[in-house]
Amino acid sequence: MKITVVGRQMNVYEEMKLLIEKKLQKLDKFFSGEGDATVTLSCKHNQKYIELTISAAGALFRSEVGAESFRDALDDAVSNIERQIRKNKTKLARRLREGTFIPPAPDEFDDIPADDEEIIKTKTYSTKPMSPEEAILQMNLLGHQFFVFNDDQTGATCVVYTRRDGAYGLIVPEGE
């Protein structure tokens, strides 16, 4: 697995990089060496935060954890990713066999100067047609509340979202 370690407004020492590599090696058994991991370390409000994002085989796994120390946060982040993998193991295996999982696209952010308008950031991404069930899986893997996708049956741009009661909703444009 290719590992990238980034420190936000801080230097990351070699000892910490080695610890991160050692901890992430235990996830290699799930990704067979194909994965890319990005680990971002930061300090906010006297707490240490680690954001761990792993992209492998068309799936994206993400965990952001805060703790007293980077070691504790790293342990929690790795266990969160393991939990996500185990929870979605059969779904992921089926999707990967069928070849219908979307490959992760790099996010492109264009910062727009804030003036009278409310839009302060624009995010673009590429999509691939998928079923609502696949979109729900991708939304859960990313840890988002909603996910925009192109329906593989109708070609319409749709949105799946998590409802307050824990169920899922689907928004389909009228006339599609």
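Scanning region 119-176 for residues that are surrounded by 14 or more Cβ atoms within 10 Å (Cβ to Cβ) and in contact (Cβ under 8 Å) with a residue 60 or more places away in the chain, we see that the one that is farthest from the chain's Cα centre (by Cα) is Gln138. Exactly one residue out of Arg71, Arg62, Arg94 is assigned by TED's automatic domain parsing to the domain that holds Glu34, on the phi < 0 side of the Ramachandran plot and at pLDDT below 90: that is Arg62.
The values are calculated or read from the model by the stated rules, or taken from the named source; none is laboratory data. Being a predicted model, the structure only gives us computed values, none of them experimental. For neighbour counting, all protein chains shown are included, and Cβ atoms are generated from backbone atoms with ideal geometry for every residue, glycine included.
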